[in-house]
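Trainee: Structure below; questions to follow.
Just so it is clear, none of the values below were taken in a lab; they were calculated from the coordinates. Keep in mind it's a predicted model, so treat the numbers as computed, not measured. Positions of Cβ are backbone-derived with ideal geometry, glycine not excepted, and every protein chain shown enters the neighbour counts.
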Amino acid sequence: MASAAFEEIVEDFEFLEDWEDRYRYVIEKGKAMEPLPDALKVPATKVNGCASQVWLHPQIEAGRFRFDGESDAMIVRGLIAVLRALYNDLPVAEVPKVDAQGELARLGLNDHLSAQRSNGLRAMIRRISDVAAEAA
């Protein structure tokens, strides 16, 4: 069951038929995020397996999972925003149960990302699941 924030992205994607517009939308989502403070861009938060630089900073408060992130690539920063919509504020025990690939397939992203971007996206999802599973 996806969050309301993610469902909103799905609805917006259905409205935007052109992939150029969808890419722009994802990039705008990324631009709207608060930048990750430089102090949090450390080896412990860096995600390996991404072609671009990616940092994810997960936090668990009152049993709920949330994370902030940053990338030096605009589209990847947007993908982080999409993942935040999917995962943020879920109970930490629910996070590893999310079928991220299935939810993202509803956006059709899998067919429109390069192999490197897809690998990077999987690496981010793995990191999120691993952190939540350890905390749960």
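Trainee: If each residue of separation counts as 0.36 nm, what is the full-extension length gain between K31 and E11 once their alpha-carbon separation is subtracted?
Mentor: Details: separation 20, 0.36 × 20 = 7.20 nm, distance 1.97 nm.
Net length gain for the segment: 5.2 nm.
Trainee: How many nm separate the modelled label positions at R126 and R66, each set 7 Å beyond the Cα in the direction of the Cβ?
Mentor: That separation, rounded to one decimal, is 2.8 nm.
Trainee: Got a sec? Charge dipole of the chain, +1 on Cβ for Lys and Arg, -1 for Asp and Glu; which of C50, V92, I80 is way out at the positive end?
Mentor: C50
Trainee: Mind listing the phi-derived Karplus ³J(HN,Hα) values for the stretch 37-47, rounded to whole Hz, using 6.51, -1.76 and 1.60 with θ = phi - 60°, and x for any glycine or proline?
Mentor: Whole-Hz 3J(HN,Hα) from phi for the stretch 37-47: x, 3, 4, 9, 8, 10, x, 5, 9, 6, 9.
Trainee: Charges on Cβ only, +1 for Lys and Arg, -1 for Asp and Glu, centred on the Cα centroid of the stretch 18-136; of A135, M33, W19, which one is farthest towards the dipole's positive end?
Mentor: A135
Trainee: Determine how many Å³ per residue the convex hull of the Cα atoms of the stretch 4-135 encloses.
Mentor: 99
Trainee: Using the crude model of +1 on Lys and Arg Cβ and -1 on Asp and Glu Cβ, and no other charge, please compute the dipole size for the chain relative to its Cα centre, in debye to 20. Could the numbers behind the result be given before it?
Mentor: Numbers: 16 positive and 23 negative charges, 124 e Å.
For the chain, the charge dipole is close to 600 debye.
Trainee: Return the single residue from A32, A100, A73 with maximal mean-square fluctuation; model: Gaussian network over the chain, springs between Cα atoms under 10 Å.
Mentor: Looking only at A32, A100, A73, the biggest GNM fluctuation is shown by A32.
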